[in-house]
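A short write-up of the structure that comes next.
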């Protein structure tokens, strides 16, 4: 049995779990091997997102033999983002690492991302797959989202490859010096972060060892919902600007056409209606982003 981690662990490794009973034991052993090689204290936090297989049973067996493992069972399926954040909220490590449960990111890549993080002054480092081995749907959405953010929506962050669930970050992103949670901090709101404090590097990404992907179209939408909403908000803002320009042009034109012409007035009213519609849509996106920022979840059981 592993000894209890004394004091504050150097690292917290957070793993969101969903229907991964087949891979959890191997993942645990691999992560233990990684940290035994660098002689650093760590805690391993598994968050079961209400799996329908034997994942929770397997996690309980893993926990019995290990004192530095925490296991959390969410009361309802809340999605990978929420499961990850709930694990971060329960962490104690000076640095926090997140990694998937499916073994597609080799655990040995943890050493690479730790070394890169320690060699730079970033607050967060993303391990970006050199070649993605996800399913076709997941790859297409990830590439499209990455391109849109890098060259259209979030140009200031273009050098950072943040479309990945494998990352290492400083504790102060989520916690104050007094170890209190910072309200409203959301791991997936990239635009909140200073790009100079963000980095990324290429890591290996392997084919699945077992089971098919848990990502359906609906789950992919839930996973990327903050980014999709932010993208929509920015695009709506661009459209509003275009309508304002068109309104200005129409107003000038109305002063130059004959008084009996109703076209400029009708056009102005139409553009004003479009502008109001865009404004309401943008407000709806902003409200939804505010709601998602306050990550809500219920823990059914946790075992330390």
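How high is the relative contact order of the chain, in percent, with contacts defined as C-alpha pairs under 8 Å that are six or more residues apart? The partial results should precede the final answer.
Working: 486 pairs, mean separation 67.2, N = 304.
After rounding, I find 22 percent.
Need one word for the stretch 67-108: rounded, prolate or oblate. Basis is the Cα gyration tensor (sqrt eigenvalues a ≥ b ≥ c); a/c below 1.5 gives rounded, then a/b vs b/c decides.
Numbers: a/c = 1.67, a/b = 1.13, b/c = 1.47.
Here the stretch 67-108 falls in the oblate category.
I'd like the Kirkwood hydrodynamic radius of the stretch 43-113, using the inverse of the mean 1/r over distinct C-alpha pairs, in Å. Walk me through the numbers on the way to the answer.
Working: mean 1/r = 0.0763 Å⁻¹.
Computed over Cα pairs of the stretch 43-113, the Kirkwood hydrodynamic radius comes out at 13.1 Å.
Taking springs between alpha-carbon atoms closer than 10 angstrom, which of 75, 170, 272 fluctuates most in the Gaussian network model of the chain?
272
Does the stretch 79-230 classify as rounded, prolate or oblate by the C-alpha gyration tensor (a ≥ b ≥ c root eigenvalues; a/c under 1.5 gives rounded; else a/b over b/c gives prolate, otherwise oblate)?
Values: a/c = 1.36, a/b = 1.24, b/c = 1.09.
Because its axes are fairly even, with a/c under 1.5, the stretch 79-230 counts as rounded.
Please state the shape class of the stretch 37-169: rounded when a/c is under 1.5, otherwise prolate if a/b exceeds b/c and oblate if not, all from the C-alpha gyration tensor. Can you show the working numbers first?
Working: a/c = 2.01, a/b = 1.36, b/c = 1.47.
Oblate, because a/c is 1.5 or more while a/b does not exceed b/c.
Test of understanding: what is the full-extension gain from residue 274 to residue 194, defined as 0.36 nm times their sequence separation minus their Cα-Cα distance?
Details: separation 80, 0.36 × 80 = 28.80 nm, distance 3.41 nm.
In short, 25.4 nm is gained.
Just how far, in whole angstrom, is the stretch 81-137 from the stretch 282-304 if you go by their alpha carbon centroids?
Cα centroid of the stretch 282-304 versus Cα centroid of the stretch 81-137: 21 Å apart.
Over all directions, what mean area does the Cα convex hull of the stretch 230-292 project, stated in square nanometres? Please list the in-between numbers first.
Numbers: hull surface 16.1 nm².
Over all viewing directions, the stretch 230-292 projects a mean Cα-hull area of 4.0 nm².
Among DSSP beta bridges whose residues both lie in the chain, state the antiparallel percentage, nearest 5.
Working: 12 of 35 bridges.
DSSP beta bridges in the chain are roughly 35 percent antiparallel.
Ranked highest first by average number of other Cβ atoms within 10 Å, how do 87-95, 219-227 line up? Don't skip to the answer; put the middle values down first.
On the way: 87-95: 19.8, 219-227: 18.0.
Ranked from most to least packed, the peptides come out as 87-95, 219-227.
Which residue fluctuates most in the GNM of the chain (Cα springs below 10 Å): 14, 203, 34?
Among 14, 203, 34, the largest mean-square fluctuation in the Gaussian network model of the chain belongs to 34.
Readers should treat all values here as calculations from the given coordinates under stated rules, not as data from a laboratory. Bear in mind the structure is a predicted one, so any value in this text is a computation, not a measurement. So basically every Cβ, Gly included, is an ideal-geometry build from the backbone, and we count neighbours across all protein chains shown.
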